[in-house]
Amino acid sequence: QVQVVESGGGLVQAGGSLRLSCAASGRTFSTYDMGWFRQATGKEREFVAAIRWIGASTTYADSVKGRFTISRDNAKNTVYLQMNSLKPEDTAVYYCAAGRTQYMARDREYNYWGQGTQVTVSS
């Protein structure tokens with residue numbers, strides 16, 4: 001079993017940057033794909049980015065490509081989401097998730113979820 005805890009959210013002006021972290025417990029962390037999802041108020045949860053446990057291949061939502069970067073450090077049981085050039089539409093609660101997935105962008109394939117961290121981008 002894996003437990004994940006997000007951190008690093010906050011308030012930032014448009015054009016600024018934030019780095020989210022997701023710390024995972026469990027000795028098998030390195031064998032899980034890790035994903036970031038977000039949910040804005042009144043909207044459905046949406047995929048942001050994900051990284052494979054093997055080979056570390058990544059995939060991104062079109063809305064964040066070129067601005068966000070996902071990475072992982074298996075030695076530290078941590079996955080990161082570097083967010084640059086933030087826009088007000090990036091405002092949401094960001095969730096980290098772990099799972100053994102076939103399609104990394106599909107939220108129902110992730111078994112373990114954190115509580116989320118709020119990101120607010122002011123215009």
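The values are calculated or read from the model by the stated rules, or taken from the named source; none is laboratory data. Values in this document were obtained by computation on a predicted structure and should not be read as measured data. Virtual Cβ from ideal backbone geometry, glycine too; neighbours counted across all protein chains shown. The area values use the complete protein model at the heavy-atom level, side chains included, leaving out ligands, DNA and RNA. Shrake-Rupley method; radii C 1.70, N 1.55, O 1.52, S 1.80 Å.
Among what's in region 61-95 and is among the acidic types (Asp, Glu) and open to solvent by less than 60 Å² (accessible area, probe 1.4 Å), pick the residue that is modelled with the highest pLDDT.
It comes out as ASP90.
Counting only residues that are out of contact with any strand residue (DSSP E or B) (no Cβ under 7 Å at 6 or more places or on another chain) and among the small types (Gly, Ala, Ser), which one in region 30-56 is least open to solvent (accessible area, probe 1.4 Å)?
Ranking the candidates gives SER30 first.
Output the number of the condition that ALA24 fails; it satisfies all remaining conditions of (1) open to solvent by less than 30 Å² (accessible area, probe 1.4 Å); (2) within 19 Å of LEU86 (Cα to Cα); (3) of a type outside the set (Lys, Arg).
Status for ALA24: all satisfied but (2).
I need the full set of residues from region 81-119 which are within 12 Å of GLN39 (Cα to Cα) and part of a strand (DSSP E or B), in order please.
ALA92, VAL93, TYR94, TYR95, CYS96, THR117, GLN118, VAL119
How many residues, within region 69-100, are in contact with a Phe, Trp or Tyr (Cβ under 7 Å, 6 or more places away or on another chain) and closer than 19 Å to GLU44 by Cβ?
5
Name the residues in region 96-112 that are aliphatic (A, V, I, L, M) and open to solvent by 50 Å² or more (accessible area, probe 1.4 Å), would you?
Residue satisfying the conditions is ALA105 alone.
Which one is surrounded by the fewest Cβ atoms within 10 Å (Cβ to Cβ) among residues in region 2-21 that are more than 15 Å from the chain's Cα centre (by Cα) and β-branched (Val, Ile, Thr)?
Once the filter is applied, the top-ranked residue is VAL12.
I'm trying to understand the selection: among the residues of region 1-16, which are out of contact with any Lys or Arg (no Cβ under 8 Å at 6 or more places or on another chain), under 19 Å from ARG72 (Cβ atoms) and small (Gly, Ala, Ser)?
SER7, GLY9
Can you name the condition, by its number, that GLN115 falls short on among (1) exposed (fewer than 13 other Cβ atoms within 10 Å of the Cβ); (2) touching a helix residue (DSSP H, G or I) at 6+ places or on another chain (Cβ under 9 Å); (3) in contact (Cβ under 8 Å) with a residue 60 or more places away in the chain?
Result: GLN115 fails condition (2) only.
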